[in-house]
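Taking it in order: structure first as structure tokens, then the write-up.
The values are calculated or read from the model by the stated rules, or taken from the named source; none is laboratory data. Nothing here was measured: the structure is a model prediction, and the numbers come from that model. A quick note on method: Cβ atoms are made from the backbone with ideal geometry, for glycine too, and the neighbour counts reach across all protein chains shown. Side chains are part of the model used for accessible areas, which takes the heavy atoms of the whole protein and leaves out ligands, DNA and RNA. Shrake-Rupley method; radii C 1.70, N 1.55, O 1.52, S 1.80 Å.
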Amino acid sequence: YIRMGVGVLKQPSLSPLEDGASLARQCVEALGDTSRFPPRLLVFLPTQSFKPYRPVLIGIRNKLAELGFGDTPLVGASVAVCVSEGEFLEEGALLVCLGSKLIKATTATGIDAQKDWKTGVGKLLDGLGLNEQEDLNPRGNRFLFTFLPGLDQSGDFRSDRAGEIMDELRRRTHARLPMHGGVACSGLDYGEGTLFEGDNVYCGAAVAALVD
């Protein structure tokens, strides 16, 4: 009842808009019959070679709108390297798409989660419409794609708060939601990674998609 499509680029071209369009086109084509498997969530995983990221995101959104799927939610994070069909792409980018008529996804951002993880997690849960006082997964069919900030601009390992953010998420969701995802990074060097929600680009935030 669910199908995954993947768009891959080995390196950026001279046009970030075209790069985004290519990733989106590959994803939708890989889903096949979009009447049965319409795009429900996108996960964007670019290396640093695709900076600045926002034009790529706009290219993705424009192509999806052209194909009739412009409201598909997106989350993601910058990565050190992409892996596609056994090949390591140090200058690559991936766009993963989940397609199904039977799922929906809601996305949100916890601004400044790296500086204040308790407040950031609270904003994230509020944005996802999750009430800590209720059963967050009554049917056992919900899960989170969660992408967290890693190091800050200093590259100092003491700035990494991903563990604290994850612990706070698990505590406030009562460990009722399985989580998948990762931590944003700046490449093979130590530095600040980038997070994505929709067309927005963040540093120091936590982003998540609730799949239901």
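Observations
- Residue in the stretch 89-107 that is in contact with a Leu (Cβ under 9 Å, 6 or more places away or on another chain) and exposed (fewer than 14 other Cβ atoms within 10 Å of the Cβ) present: yes
- The one condition in (1) at positive phi; (2) open to solvent by less than 40 Å² (accessible area, probe 1.4 Å) that Gly129 fails to fulfil: (2)
- Checking each residue of the stretch 39-47 against the condition of being touching a strand residue (DSSP E or B) at 6+ places or on another chain (Cβ under 8 Å), open to solvent by 50 Å² or more (accessible area, probe 1.4 Å), at pLDDT 95 or above and not polar (S, T, N, Q) gives at least one match.
- Gly86, sole failed condition from (1) at positive phi; (2) open to solvent by less than 60 Å² (accessible area, probe 1.4 Å): (2)
- Test result for Ala113, surrounded by 14 or more Cβ atoms within 10 Å (Cβ to Cβ) and in contact with a helix residue (DSSP H, G or I) (Cβ under 7 Å, 6 or more places away or on another chain): yes
- Lys118 vs. criteria among the basic types (Lys, Arg) and either surrounded by 21 or more Cβ atoms within 10 Å (Cβ to Cβ) or part of a helix (DSSP H, G or I) (or both): yes
- Hits in the stretch 17-38 - residues which are touching a helix residue (DSSP H, G or I) at 6+ places or on another chain (Cβ under 7 Å) and either open to solvent by less than 50 Å² (accessible area, probe 1.4 Å) or in a strand (DSSP E or B) (or both): Asp19, Gly20, Ala21, Leu23, Ala24, Val28, Thr34, Phe37
- Complete set of residues in the stretch 92-134 that are among the charged types (D, E, K, R) and in contact with a Lys or Arg (Cβ under 7 Å, 6 or more places away or on another chain): Lys101, Lys104, Glu132
- Scan the stretch 139-165 for residues that are outside any loop (DSSP other than H, G, I, E, B) and either at pLDDT 95 or above or not aliphatic (A, V, I, L, M) (or both) and the total you get is 12.
- Gly198 being farther than 14 Å from Gly110 by Cβ, surrounded by fewer than 21 Cβ atoms within 10 Å (Cβ to Cβ) and under 11 Å from the mean Cα position of the chain (by Cα): yes
- Some residue of the stretch 60-69 being crowded, with 23+ Cβ neighbours inside 10 Å, touching a Leu at 6+ places or on another chain (Cβ under 7 Å) and assigned to a helix (DSSP H, G or I): yes
- Against the conditions (1) closer than 15 Å to Asp167 by Cβ; (2) part of a strand (DSSP E or B), Cys97 satisfies every one except (1).
- His180 vs. criteria surrounded by fewer than 19 Cβ atoms within 10 Å (Cβ to Cβ), within 16 Å of Leu124 (Cα to Cα) and over 21 Å from the mean Cα position of the chain (by Cα): no
- Taking each residue of the stretch 1-29 that is closer than 19 Å to Glu87 by Cα and at pLDDT 95 or above and looking for partners that are among the polar types (S, T, N, Q) and assigned to a strand (DSSP E or B) with beta-carbon atoms closer than 6 Å, six or more apart or interchain, yields Val8/Ser84.
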